[in-house]
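Nothing in this text is a laboratory measurement; each read-out follows from the coordinates by a stated rule. As the structure is a computational prediction, the values presented were derived from the model and not from experiment. As a convention, Cβ positions derive from the backbone with ideal geometry for all residues, glycine included, and neighbour counts pool all protein chains shown.
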Amino acid sequence: MPMDESQRAQIETYLSHLDSLIRRGRQVRETLTSDPSSSSAIAATRAWQEDCGVTVNQLSGGSKAHWLARSFSQAFLMRSASGHAVEGAAPDEIVARLLHVLEQAVASLSGMDAGPGVTGSSSASPEAPPRRFEFVHNPELRPVVEQAYTDSRRALDRGDYDLALRTACGILEAIVTDALEHKGLSALAGSGAPAGRIAEGTIADWPFETRLAVAEKAGLIRGGCARLPVVARAYRDHTDADGESGPAATVSERDARQAGQVLHVVMRDLDPGR
């Protein structure tokens, strides 16, 4: 059963809140690394950890057996060689572990469809399943976007936000174009497609934003692209002939994460049976 709009809105709210916690956590860790004895840094870390705990409790439905709640608790423990918990880990290490827990929550929420997802009662920790693009109609395109998706996640993990955003936008453009081409120009004629472009029969030549707008008007996707950052909408304008980012492009971590989240929303729209 597809999720309703209220569920989608709730997920978007949680994703935005998680993004904020992740940004705060990175700032806290930087401060701790430079001055681990700073009383203000320690206080900020404790406040951040408390906020993380509240969010994790909400997402896990208050169940301590939930995989997210267990991951949160385990982040504070240091293991001996035998695997037993012996003492607390260093503050900056705890922050790093909690950031990983928050990233797991983002990944789980971003991949939700009608299932229980993060807020379900399952105690099993989610695997990181490879993203499949069976909904893409062009079979030659599927392995390309699957690899690009992996590359985008790796770029995000290592802090290459420019590459992560450009790759996510490239996937978004490719799968939306595939859906438009499968729909057909005649069916798109009443969906806001430029008359001149329809006559030329070149959907792939339409501007990126035009393709997104037509896909939305045609009912292929919902309104998730409204959250796409400005730099993402113009990502082609900041890419040179070799596919490298130009000097005018400034991509923040938030930009990259939002582009990835929009991609996940559009993937769900194009593959409602997931």
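Taken along the Cα-to-beta-carbon direction at a fixed 7 Å, the label points for H100 and A204 span 4.2 nm.
Extension gain, S73-R254: 0.36 nm per intervening residue step, less the Cα-Cα distance, totals 62.5 nm.
Neighbours of S73, meaning other residues whose beta-carbon lies under 12 angstrom from its beta-carbon, give a summed charge of +3 when Lys and Arg score +1 and Asp and Glu score -1. In this structure, A213 and Q27 have a Cβ-Cβ separation that, at R0 = 45 Å, corresponds to a calculated FRET efficiency of about 0.80.
For region 176-187, backbone phi angles converted through the Karplus equation (6.51, -1.76, 1.60; θ = phi - 60°) give residue-by-residue couplings of 5, 4, 4, 5, 5, 5, 5, 5, x, 4, 5, 6 Hz, Gly and Pro being listed as x. The label point for E12 and the one for A65, both projected 7 Å from the Cα toward the Cβ, are 3.5 nm apart.
Restricting region 1-80 to GluC sites (Glu not before Pro) that sit in a DSSP loop and have at most 13 other Cβ atoms within 10 Å of their own Cβ leaves nothing.
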